[in-house]
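The values are calculated or read from the model by the stated rules, or taken from the named source; none is laboratory data. Computed from a predicted structure; not experimentally measured. Cβ coordinates were reconstructed from backbone atoms using ideal geometry, including for glycine residues, and neighbour counts include every protein chain displayed. These area figures cover heavy atoms from the full protein model, side chains too; ligands, DNA and RNA do not enter into them. Shrake-Rupley method; radii C 1.70, N 1.55, O 1.52, S 1.80 Å.
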Amino acid sequence: MNPKDIWQNQKSENPAMSVQEIREKVGKLRAKLRREMVFNLVVSIVCTAFFIRVFVLYVHSVYDRISWGLVVAGAFYMLGRVVYESVQTMRAERIYGDAGISSCLRFYRWALERKRQHVRHMAFAAVVLVAGAIMAILPAVALALQHPEGNIWIRLAPFWIILGLWGLLYFLMRRRIRHEFRREFAMLETLEREYSPFPQNDK
Amino acid sequence: VGQTERQDDLFREAIARYGAALDRLVRAYEADPDKRRDLSQEVQLAVWRSLERFEARCSLRTWIYRVAHNTASNYIVRQRRDGFSKLVTLEDVEASPDPTDHQGNVEEHIAIDRLLQLIHRLRPMDRQVMLLYLEDMDAESIGEITGISAGNVRVLIHRVKSILTRQFHEGRPT
């Protein structure tokens, strides 16, 4: 029995797709990708435009300009990252072409590094934005403290709740994402070892 | 339009010439028939998309195999990332084809199963080399596809050959 003959004489089981079917599938995939990108872009643009409008129309004092300036800067930073990511995602589609040239693990590492960078940038933008928002709210908090009618803690409860929830969410997300990245990089390293022709533990 | 027609023509040519080999490759990467159908479509999709950038700097065969192997490897990465482990239900077992249906080819089926069991157990790189060797490719072409030197490929092929000889000529169970 020649293994090559055994292997090559297997019966085919999955029919080849027609060019038309392929085109339909690719069209659907591209449409999905485009929808996600458009959604992210629209949300970012609407938020940035809202913050700019507030900054231009309602903010006059230096302190408010600094705080809302931070909010606008954070929103702009996020918008820039979303645009950059969209372009990169479109380019990443080229893996199908690059697959003919490069190794998939190289692409996988590149994609992971890119994702990690993106998360770092977005986290930085979120910190700037929230710092600005806290600064913008602080005068109202100070005002409430100067006029302590009723229970000050109850009146300020929404502020503390939102701040606390944001902090908790930020901490939990950060921990989860870090854990996820550690797991993915560890797995990638294992695969890279497995893909080397002669791994060290191979006797 | 010309570029798209060229892409379509190349795809038709690739499937006509290497479709069966792609099918075998998919079988070597996925044991579950349903998932195999999905992977097969994924490979064909990747081949079609990649052909947009095919500039004939290497042979169509090498290009197709490289795309197919990378897509299949990517599939393995995803499976691992998702922590996928293959468990089948009793219904799946009942629905799987009855081996007695192939009485005429029992020996051949046993041999293919043994070969597939062996391939599924291999590390990805060894699996790629063995599959390409079984597809009758020489060390240079295998090196071009996998990205390892022809010298290293020869060493791996030597190992593959001795394993296959042990398994199929001396009749040892896998």
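Do the conditions hold for A:V26, that is, is it free of Cβ contacts under 8 Å to residues at least 60 places away in the same chain, exposed (fewer than 14 other Cβ atoms within 10 Å of the Cβ) and either at the interface with chain B (Cβ under 8 Å from one of its Cβ atoms) or part of a helix (DSSP H, G or I) (or both)?
No; evaluated as a whole, the condition is false for this residue.
Does A:Q8 qualify as being of a type in the set (S, T, N, Q) and exposed (fewer than 14 other Cβ atoms within 10 Å of the Cβ)?
Working: of a type in the set (S, T, N, Q): yes; exposed (fewer than 14 other Cβ atoms within 10 Å of the Cβ): no.
No, not satisfied.
Go through the residues of region B:42-55 one by one and say whether even a single one is modelled with pLDDT of 90 or more, open to solvent by less than 70 Å² (accessible area, probe 1.4 Å) and among the polar types (S, T, N, Q).
Within region B:42-55, one or more residues are modelled with pLDDT of 90 or more, open to solvent by less than 70 Å² (accessible area, probe 1.4 Å) and among the polar types (S, T, N, Q).
Going by the structure shown, is B:A16 at the interface with chain A (Cβ under 9 Å from one of its Cβ atoms), of a type in the set (G, A, S), in a helix (DSSP H, G or I) and open to solvent by less than 50 Å² (accessible area, probe 1.4 Å)?
Taking the combined requirement at face value, the residue does not satisfy it.
Can you name every one of the helices (runs of 4 or more DSSP H) wholly within region A:92-203 that holds 3 or more residues which are farther than 30 Å from B:T62 by Cα and modelled with pLDDT of 80 or more?
It comes to A:104-146, A:157-195.
Could you count how many residues in region A:56-68 are hydrophobic (A, V, I, L, M, F, W, C) and at pLDDT below 90? Lay out the reasoning, then the answer.
Taking region A:56-68 and keeping what is hydrophobic (A, V, I, L, M, F, W, C), we get A:56-57, A:59, A:62, A:66, A:68.
Next cut, at pLDDT below 90 only: A:59.
Counting residues in region A:56-68 that are hydrophobic (A, V, I, L, M, F, W, C) and at pLDDT below 90 gives 1.
Which one is farthest from B:R27 (Cα to Cα) among residues in region B:134-159 that are in a loop (DSSP other than H, G, I, E, B) and open to solvent by 50 Å² or more (accessible area, probe 1.4 Å)?
Restricting to residues being in a loop (DSSP other than H, G, I, E, B) and open to solvent by 50 Å² or more (accessible area, probe 1.4 Å), the top hit is B:S149.
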